[in-house]
């Protein structure tokens, strides 16, 4: 492409839109699963499907461990995966600020395409809009996704019962702290990397145990907020033990420096698994058997019923405190 | 909601996000078709489905004949309809600028919900992001949609043959000129209103004739650009007659004042229908029989084969000129 920056004409629907599609967008997605990229894609479905959407407005666009493209693929793939669906098709909607470098757009779309392809999902339809300089911060991406739910899959907070155990698939807060340290120019002795990853492989491996009650990915609002939602939706009391929640030393250090709590930091490649108590070892072994689950831990259990739901944290010193949903803004544009 | 403006905390995933969902978003969509609004919605599919997405960045958000909510519903419903699918499910992704009035958001979501419901589509999943003041222009909306394609439906440019007729369902350029006059503060003797409308009812009525070869909605880039795409994709020469293209007098006047061509103005409630010549009267009668198709006209036909595709316009004075795709930016943020 001769011009190296996005202009308003790239969003006109005319000749430059066509060139952007042919020279930048098709090369990234064109060969993805053999699906032609169309205004409306078609597919044949054969059963229970899942449908989800997420927009991504993260700043900065590139961070240690990923970029907005990888994030946009993972976010929607993970929403499908934790709802028990095998991710099949993705749509990609781009909102681009005039002046954005086309080379960066190419890199981001390639990253999105690679992540989707590795996870077995095909990008099949898309849309591009361009807004004037100053009316967006470089690039926002929306992805919607369609997945196939295996027959017999019954996941959800309604199934949570007293006695169930709570497992996390790895360390908490990596994504939030990686993006934050990238923004603030913080450096630690070890490089902090976002955990941004597609979870469908891990989820599939874990689901084969047949002992999963419910799954959720603790993104915005972190582990604490996601558990509060689950407790509320299931009408249960959940108790977790602070010492058993895996957190990387650099994340703990960063949180101490910034007065933040890793339980409220976003994750983009972790899953909370609620499983039957009698199968907890089998489930934990399945999670740990997957490369993305090697730091998995049982962090607590469901201890009682409460209509409004409650999450209790047993702290390092043995005290118990009530965890609440995230209040205030915390970290804007973390995903 | 006590606070009357969107804050960054409304996008945090925490307590205020929950309140926004419960007090603003659920009331708009909660009862839509009885579907619960979930992170990932599920549905049972039973055949060939269509999947599409569009982002909407129109400025201003409210215009004569509609608003961004109505537009976001119509745009995706129409993409599904012209691909031969019955629109079933929509997702809604919001990117909101900090400081946006919640009352306006409510109005827009209600408008989106009403339009979807009238068209028989259910909003089943969604996402909300908030960006800092100055990093978006008030509100951008992405919708993705899933539709059911009737068995046996075979629509597309590959089916276009020499002899087929070209029909438009009504006047051209209403949306583009309505938005433009709203922006520029132009006034005409009659109020210009956007044609923004869900076309699935009209398309269904027309499809029943069994004589449709291909359909397309001439949005960004207008009739001329859309026909150029169709001619190129089908490898045909299309000839249309300027005098037969319906254009409202106020649109003609506005175009003359502003040096614009109605053939390149966006439409949001019109469809181009390529139909078999021997059934043209039956198809035209079907279009005209629908309230959205009363101004329909046969505007030309497919006259030959050409690998690169070509669209010829016979002008009012009898000359023929080649129509090209829209070049340059024309009207940014028209949808």
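Please go through segment A:166-218 and pick out each residue that is outside any loop (DSSP other than H, G, I, E, B) and on the phi > 0 side of the Ramachandran plot. Lay out the reasoning, then the answer.
First, pick out the residues of segment A:166-218 that are outside any loop (DSSP other than H, G, I, E, B): A:166-168, A:174-184, A:200-207, A:212-216.
Once the filter is applied, which keeps residues that are outside any loop (DSSP other than H, G, I, E, B) and on the phi > 0 side of the Ramachandran plot, segment A:166-218 yields nothing.
When both residues are 6+ apart or on different chains and their Cβ atoms are under 8 Å apart, which pairs have a first residue that lies in segment A:8-20 and is more than 8 Å from chain B (Cβ to nearest Cβ), and a second that is assigned to a loop (DSSP other than H, G, I, E, B) and buried (at least 24 other Cβ atoms within 10 Å of the Cβ)?
A:20/A:6
Out of B:163, B:134, I need the residue that is in a loop (DSSP other than H, G, I, E, B), closer than 18 Å to residue B:61 by Cα and in contact with a strand residue (DSSP E or B) (Cβ under 8 Å, 6 or more places away or on another chain). Which one?
Selected residue: B:134, the only one of B:163, B:134 that is in a loop (DSSP other than H, G, I, E, B), closer than 18 Å to residue B:61 by Cα and in contact with a strand residue (DSSP E or B) (Cβ under 8 Å, 6 or more places away or on another chain).
Right, residue A:327: within 14 Å of chain B (Cβ to nearest Cβ), surrounded by fewer than 19 Cβ atoms within 10 Å (Cβ to Cβ), closer than 30 Å to residue B:129 by Cα and in contact with a helix residue (DSSP H, G or I) (Cβ under 6 Å, 6 or more places away or on another chain) or not?
Yes, satisfied.
Kindly establish whether residue A:225 is touching a residue at least 24 places away in the same chain (Cβ under 8 Å) and surrounded by fewer than 23 Cβ atoms within 10 Å (Cβ to Cβ).
On the way: touching a residue at least 24 places away in the same chain (Cβ under 8 Å): yes; surrounded by fewer than 23 Cβ atoms within 10 Å (Cβ to Cβ): no.
Against the criterion (touching a residue at least 24 places away in the same chain (Cβ under 8 Å) and surrounded by fewer than 23 Cβ atoms within 10 Å (Cβ to Cβ)), residue A:225 does not qualify.
Does segment B:292-312 include one or more residues that are under 21 Å from the mean Cα position of the chain (by Cα), surrounded by 15 or more Cβ atoms within 10 Å (Cβ to Cβ), over 17 Å from residue B:236 (Cα atoms) and within 14 Å of another protein chain (Cβ to nearest Cβ)?
Scanning segment B:292-312 turns up no residue that is under 21 Å from the mean Cα position of the chain (by Cα), surrounded by 15 or more Cβ atoms within 10 Å (Cβ to Cβ), over 17 Å from residue B:236 (Cα atoms) and within 14 Å of another protein chain (Cβ to nearest Cβ).
Considering only residues that are surrounded by fewer than 24 Cβ atoms within 10 Å (Cβ to Cβ), within 20 Å of residue A:118 (Cα to Cα) and touching a helix residue (DSSP H, G or I) at 6+ places or on another chain (Cβ under 8 Å), which ones fall in segment A:205-214?
A:205
Can we say residue A:139 is under 20 Å from the mean Cα position of the chain (by Cα) and either free of Cβ contacts under 8 Å to residues at least 60 places away in the same chain or within 14 Å of another protein chain (Cβ to nearest Cβ) (or both)?
Considered against the rule, which asks whether it is under 20 Å from the mean Cα position of the chain (by Cα) and either free of Cβ contacts under 8 Å to residues at least 60 places away in the same chain or within 14 Å of another protein chain (Cβ to nearest Cβ) (or both), residue A:139 comes out as yes.
Just to verify a result, which residue in segment A:62-79, among those that are within 13 Å of chain B (Cβ to nearest Cβ) and in contact with a helix residue (DSSP H, G or I) (Cβ under 7 Å, 6 or more places away or on another chain), is farthest from residue A:40 (Cα to Cα)?
Of everything passing the filter in segment A:62-79, A:68 is farthest from residue A:40 (Cα to Cα).
(1) at pLDDT 95 or above; (2) not in a strand (DSSP E or B): which one isn't true of residue A:147, the others all being true?
(2)
Please return the ranges of helices (runs of 4 or more DSSP H) entirely within segment A:1-119 where 1 or more residues are at pLDDT 95 or above.
It comes to A:68-82, A:102-118.
I need a count of the residues in segment A:235-286 that are assigned to a strand (DSSP E or B) and more than 22 Å from residue A:326 (Cβ to Cβ).
Total satisfying the criteria: 1.
Looking at (1) farther than 30 Å from residue B:72 by Cα; (2) away from chain A (no Cβ under 14 Å); (3) at pLDDT 95 or above, find the lone condition where residue B:318 falls short.
Answer for residue B:318: the failing condition is (3).
Do we have any residue at all in segment A:183-200 that's over 27 Å from residue A:29 (Cα atoms), buried (at least 24 other Cβ atoms within 10 Å of the Cβ) and touching a helix residue (DSSP H, G or I) at 6+ places or on another chain (Cβ under 9 Å)?
Within segment A:183-200, one or more residues are over 27 Å from residue A:29 (Cα atoms), buried (at least 24 other Cβ atoms within 10 Å of the Cβ) and touching a helix residue (DSSP H, G or I) at 6+ places or on another chain (Cβ under 9 Å).
Only one of A:52, A:44 is more than 15 Å from residue A:138 (Cβ to Cβ), surrounded by fewer than 17 Cβ atoms within 10 Å (Cβ to Cβ) and within 9 Å of chain B (Cβ to nearest Cβ); which?
After applying the criteria, what remains is A:44.
The values are calculated or read from the model by the stated rules, or taken from the named source; none is laboratory data. Remember, predicted model here, so these are calculated numbers, not experimental data. So basically every Cβ, Gly included, is an ideal-geometry build from the backbone, and we count neighbours across all protein chains shown.
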